[in-house]
Structures are given as structure tokens and as C-alpha cells.
Amino acid sequence: MSASSEKELEARHAKEEEELEEKGKAHVEAVPAGKGKVVRTEAAEREVDQWKFEMKERQSDELDELQARLAGGGVVAAAPEAAAPKEKKKSLTTGEKKAAAAAEAEAEAEVKKKKDEKLRLKKQGLRDVERKKEAELELERAKNPPVAPPPEPVKGKGWGKGGGDGGGGGGACRQFQSGNCTFGDKCRFSHG
């Protein structure tokens, strides 16, 4: 029965993958045309990738649970008391109750440990991706350091606000252009 149930599970998983593939294509194709379509299409593709990832995680959990159940060492998804019609339970001794509770707690702890390990590996993978991106950015920064702005020339006292030898600021001297500037080299406008 174990081989048939595994085959049934694999067949169901294959069917789910096909359905999700079709759903993903329809989701991406449903993006309306217009401004920003590329961004919306990329967002839809990321959503589909997330759906696929979640489906793979769920299928992996289901397969692990089935294998554990078939091996006889895991927690059974449905309690046998719930599946069978209610009958009078035999009264257990205190020692038997404690042993059963300890076995149940141990099985739950094992399941929790497996889930925690999967979560840790998933987070570690995300951290590795972040570290890789950061290393690439650092390498790019090392190759192309930021360009420092050119230093401002020191003008000294009495040279005014503008550039050039005549001090000046605010552009060219109109009187100098017409030949009538009486200020000479003390003019605050440029004579260049």
C-alpha cells in the first residue's frame, strides 16, 4: 500500500503543478496593457514564483509526513480515535498515561524540530542571497569609486564674488563693453 499511496501523492502533486502552471500563465497574461505593463508583468511573475515555491514546500512536507507515517515513526495526521466510531476507552494506568503522553510529546518535538530545521535552512538561504548581493555591490563600489567634486578655488580677500582677475560677479560689465567703465580693475563686474 505504501508504494501506491506514494504514487497517488506524486500523481496529485504533478496534477497540482500543471494546474498551477496554467494558473500562472493566465495570471501573467491577465496583466492589462498600458503604462507600467513591464513592472506589473514582473510583479505577476514574482507572485507566480512565490506560489510555486509555497506549493513545493507544502508538497515536500506532505511527502515527508507520508514517509514518516509509512515508516511508523511519525505523528499520524488524523488521530485513530477521531476516525473510528466512539467506543468505550479502556482505562489506562497512570504509568501508561505518562508513557503515552511522553511518546506523544516526543513525536511532536521531533515534528517541530524538523519544521524548525527547514525554516532555519530557508532563512539561511535568504541570508546567503543577501550576502552575495552585498558582496557584488561592494565589488562594484571598489571598481567604480565615487568621483570627488573638484576643489573650489581659493579667492582670497578683496576679490569679490565672481571669478576671473577683475573680481566681479553678476556677469560681464556693460559699461566696459561700451568702453565707458570708470572703475577699472576695481569694477565688481568682469571685464573679460
Qualifying residue in region 170-178 (condition: of a type in the set (Gly, Ala, Ser), modelled with pLDDT of 80 or more and either surrounded by 10 or more Cβ atoms within 10 Å (Cβ to Cβ) or over 30 Å from GLN50 (Cα atoms) (or both)): yes
Residue pairs meeting the criteria (Cβ under 6 Å; at least 6 apart or on separate chains; first closer than 14 Å to GLN67 by Cβ, in region 4-19; second among the aliphatic types (A, V, I, L, M) and surrounded by 11 or more Cβ atoms within 10 Å (Cβ to Cβ)): LEU9/LEU66
Test: residue in region 69-76 that is in a helix (DSSP H, G or I), closer than 16 Å to SER5 by Cβ and without any contact (Cβ under 8 Å) to a residue 24 or more places away in the chain: yes
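The values are calculated or read from the model by the stated rules, or taken from the named source; none is laboratory data. Given the structure is predicted, the values throughout are model-derived calculations rather than measurements. Because the Cβ atoms are built from the backbone with ideal geometry, glycine has one as well, and the counts that use them run over all protein chains shown.
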